[in-house]
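Here the structure is laid out as structure tokens; the discussion comes afterwards.
The values are calculated or read from the model by the stated rules, or taken from the named source; none is laboratory data. What you see is a predicted model, and the numbers here were worked out from it, not measured in a lab. Virtual Cβ from ideal backbone geometry, glycine too; neighbours counted across all protein chains shown. These accessible areas exclude ligands, DNA and RNA; they are computed on the full protein's heavy atoms, side chains included. Shrake-Rupley method; radii C 1.70, N 1.55, O 1.52, S 1.80 Å.
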Amino acid sequence: MSASSLPITLCGHKVGPGQKLFVIAGPDSIESEEMALKHAHLLKGITSRLGVPYAFKCSYDKANRTSGKSFRGPGLREGLRILARIRDEVGVPVLTDVHETSHVGPASEVVDIIQIPAFLCRQTDLVEAVARSGKGVNLKKGQFVAPKDIVHSARKAFETGNPNVLVTERGSTFGYNNLVVDMRGLAQMREAGLAVCFDATHSVQQPSSGDGVTGGDRKFVSLLARAAAAAGIDALFTEVHEDPDRALCDGPCSLNPQMFEDVVRNVLDIRRVLGHEPG
């Protein structure tokens, strides 16, 4: 099997060609319970107003950081407790990432979509464990992986019997401290039969460009999101923070809520003009 049978299903929604845009958004990490709940309510309101299916994303542990001194989050137990509260009280599906196989079981009891980080997209045991959980899978394409090659990682998930795999483009390494997005890759992955998501905020990262921190340039998020919409995507991923300049992780890449709403509106407008957005 080289690809899934499209459309796939995430959180009860069909995702793929001819389906509504699926949106994944939230802060990079859980900075506090109050903060995470506030953002979940806020983003649910925006996506409900725009009429798009939505999943709240947030990490309980940012294991991949430039510096060992960087903020990581509340950890597995506390983080999953907060995500469970968000799911139940706010009434939104939730997504989080896992970095090791031992976390898959606990995460699958709480979240609706489990994300495989880009740097771990080739880790066979992790990919298979996440897929076997039966949850939706968000497979981030590594910065070092060609679009035509991510199908091999996706196949590892499909062969467990789980067809609901979303593959997310988040930029490719371009020399040191920079990423570039090859829009041809979105078409190549769709031609391979994959459901394709574009991560518009991680794509503007400048990895490890600061003194022990990763930088970014959020002013290009909207441009890249519009280009990806024109190239053809099934889902959009963005990180959103009420005050990006004070975020504890990935602030330079994150959108504020108004920017997020504007970006999603632009993407929807382009999809409608091209006949990709139902209704």
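Observations on the structure shown:
- Three-way shape label, region 54-121, alpha-carbon gyration tensor, a/c 1.5: prolate
- For the chain, averaging the sequence separation of C-alpha pairs within contact (under 8 Å, six or more residues apart) and dividing by the residue count gives a relative contact order of 20 percent.
- Surface exposure of the chain, expressed per residue as accessible area with a 1.4 Å probe, stands at 41 Å².
- Region 1-152: C-alpha gyration tensor shape, a/c 1.5 cut-off, then a/b vs b/c: oblate
- With semi-axes defined as the square roots of five times the eigenvalues of the C-alpha gyration tensor, the equivalent ellipsoid of region 76-154 measures 24, 12, 10 Å, largest first.
- Three-way shape label, region 151-279, alpha-carbon gyration tensor, a/c 1.5: oblate
- Whole-percent P(r), region 31-76, all Cα pairs, 10 Å bins from 0: 24, 39, 27, 10, 0.
- The helix-based estimate of mean residue ellipticity at 222 nm for the chain, built from -39,500 (n - 2.57) per DSSP H run of four or more residues and divided by its residue count, is -9500 deg cm²/dmol to the nearest 500.
- Compactness relative to 2.2 N^0.38 Å, alpha carbon Rg of region 1-90: 1.28
- A Förster radius of 45 Å, combined with the Cβ-Cβ distance separating R272 from T124, puts the computed FRET efficiency at roughly 0.70.
- Note on the chain: the alpha carbon radius of gyration divided by the globular reference 2.2 N^0.38 Å gives 0.90.
- Estimated distance in nm for a label pair at E34 and D182, the labels positioned 7 Å out from Cα along Cα-to-Cβ: 4.7 nm
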